[in-house]
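Worksheet for the structure shown next.
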Amino acid sequence: METSTLSSLPAADRPLLRNLMTYFGHAQARAVGLVFASDSLLFGSWVAHIPHIKQKLELTDGELGLTLFAMPAGLLTMNPLTGYIIGKLGQARACFWAAVGLALAMCLPINAPNVLILVLGLYLVGLASALINVAMNTLATDVEKSSGLSIMSSCHGMWSVGGMLGSTIAGVVISLNIAPEVHLPLMAGLTLLLTLALKPVLEGIPVQPTGTQASFVMPNLNLLLMILIGLALAMGEGTAFDWSAVYLRESLGASSQIAALGFGAFSLTMTLGRFMGDSLIPRLGAKRFLQLGGVVAASGLFLAVLVPTPLAALVGFALLGAGCSLGAPILYSAALRVPGIPPAAGLATFATFSFIGFLAGPPIIGFVSDAFGLSFGIAFVGFMMLLSAGLAKIVKL
């Protein structure tokens, strides 16, 4: 039946369809993908309510940027410890407890009565996010090695699905006038239930030897180039996460419901790109995708700035998602294969440094916005995306 169905499709479509059917039919691959999705579901729910928090606490763009600094600060604090924690608990248990911690931590910033509690909540979210990020990517690699499947891009695609679903639900919630303080804890509760259901499957994934559980090594030149590209891509993703709704709502005058769709548009195209990635990357080349992606992402941000209408901005954020879509799966996989560097250490080191993009992006955009306007901050990230395209020409993957 599968052969006859596939044979009726154009040749270029068969590997993609076969890859997706195999991915969703594999219990362990599907379970890891659902962890990716639940992680982003919470983030997609959160980012849609950032304008609400900004208004509630009466923050300027610069103050919001400094406040958002707390989440990547937590990421940067935890990343050097992830290898040690995963080595003690194992990938599956570390992933499980990080998911629980993330769900609980997400309930704090949305209910923050003041900036201090907001900063504390975002910092705790960052701590949990760093651990689950390395743990779930390591689990995806374990499944790839034990099953022979290529699933990394599809797992990141599931992450995008979660973000798209989270922002879409948030838009509906906003239109129904349901309080954000009610919405986000409900989403956290749902992800907790999903995490409990996935725990037995995650624990059944064969652990592959990594050579060491070191969390950090000094990067060689090639890993450093990957880090710089990852930093730029992280700034692009951070722009969609932290500023898309604010830009649409405050700079372009869009309604709250439309503003919530900014991250949804970004996540939609990122999802499509990532589900196609496991099929297309081996045939067309990882470097080619990184170069083209940087140009497409930059074009999207420049469009959002140069044509200041809600529709153009939504298209721009969609182009940003398409351009960034394959960066993370390509670079995470490549960081596990750097010659002379143990896989776990390469992944953790790449994650540690590349998250500086999240660390620097929000406050930089906020500071530039206070001085020149939010459009200039977004344009700056566009130039960073062009830089990533240039570096992709010389990196070895």
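The values are calculated or read from the model by the stated rules, or taken from the named source; none is laboratory data. Nothing here was measured: the structure is a model prediction, and the numbers come from that model. Cβ sites come from the backbone with ideal geometry, for glycine too, and all protein chains shown count toward neighbours. Note: areas computed on protein heavy atoms with side chains; ligands, DNA, RNA excluded. Shrake-Rupley method; radii C 1.70, N 1.55, O 1.52, S 1.80 Å.
Side notes on the structure shown:
- Output for the range 264-295, where each listed residue is open to solvent by 60 Å² or more (accessible area, probe 1.4 Å) and either touching a strand residue (DSSP E or B) at 6+ places or on another chain (Cβ under 9 Å) or at pLDDT below 95 (or both): Leu268, Leu272, Met276, Pro282, Arg283, Leu284, Lys287, Arg288, Leu292
- Contacts under 6 angstrom Cβ, first residue in the range 159-183 being under 18 Å from Leu34 (Cα atoms), partner open to solvent by 50 Å² or more (accessible area, probe 1.4 Å), 6 or more apart: Met164/Leu268
- Filter pass, Thr67 being in contact with a helix residue (DSSP H, G or I) (Cβ under 9 Å, 6 or more places away or on another chain) and either under 30 Å from Arg337 (Cβ atoms) or among the hydrophobic types (A, V, I, L, M, F, W, C) (or both): no
- Any hit, the range 75-94, residues being surrounded by fewer than 23 Cβ atoms within 10 Å (Cβ to Cβ), modelled with pLDDT under 85, within 17 Å of the chain's Cα centre (by Cα) and in a helix (DSSP H, G or I): yes
- Residues that are open to solvent by 10 Å² or more (accessible area, probe 1.4 Å), in contact with a helix residue (DSSP H, G or I) (Cβ under 7 Å, 6 or more places away or on another chain) and part of a helix (DSSP H, G or I) within the range 106-128 comprise Asn111, Val115, Val119, Tyr123, Leu124, Leu127, Ala128, listed in sequence order.
- Lone qualifier among Gly300, Gly321, Gly293, Gly346 - being closer than 25 Å to Thr141 by Cβ and either out of contact with any Ser or Thr (no Cβ under 8 Å at 6 or more places or on another chain) or aliphatic (A, V, I, L, M) (or both): Gly346
- The one condition from (1) crowded, with 20+ Cβ neighbours inside 10 Å; (2) part of a helix (DSSP H, G or I) that Pro185 does not meet is (1).
- Condition met for Thr60 (open to solvent by less than 10 Å² (accessible area, probe 1.4 Å) and of a type outside the set (A, V, I, L, M, F, W, C)): no
- Neighbours by Cβ (under 6 Å, 6+ apart or cross-chain): first from the range 266-279, closer than 15 Å to Gly33 by Cα; second outside any helix (DSSP H, G or I) and open to solvent by 10 Å² or more (accessible area, probe 1.4 Å): Gly277/Leu326; Asp278/Ser150
- Listed here are the helices (runs of 4 or more DSSP H) enclosed by the range 1-58 that have at least 2 residues being farther than 26 Å from Asn177 by Cβ, modelled with pLDDT of 90 or more and not aliphatic (A, V, I, L, M): 27-47.
- Of the residues making up the range 249-263, those that are open to solvent by 10 Å² or more (accessible area, probe 1.4 Å) and not in a loop (DSSP other than H, G, I, E, B) are Arg249, Glu250, Ser251, Ser256, Gln257, Ile258, Leu261.
- Checked against (1) open to solvent by 30 Å² or more (accessible area, probe 1.4 Å); (2) in a helix (DSSP H, G or I), Leu397 passes all but condition (2).
- Taking the listed residues Leu233, Leu194, Leu202, Leu190, the one that is modelled with pLDDT of 85 or more, part of a helix (DSSP H, G or I) and closer than 30 Å to Phe302 by Cα is Leu233, with no other qualifying.
- Of all residue pairs spaced 6 or more apart or on separate chains, those with beta-carbon atoms under 8 Å, a first member in the range 365-381 that is open to solvent by 70 Å² or more (accessible area, probe 1.4 Å) and a second member that is in a helix (DSSP H, G or I) and not β-branched (Val, Ile, Thr) are Phe367/Gly62; Phe367/Gly65; Phe367/Gly377; Asp370/Asp61; Asp370/Gly62; Phe376/Ser369.
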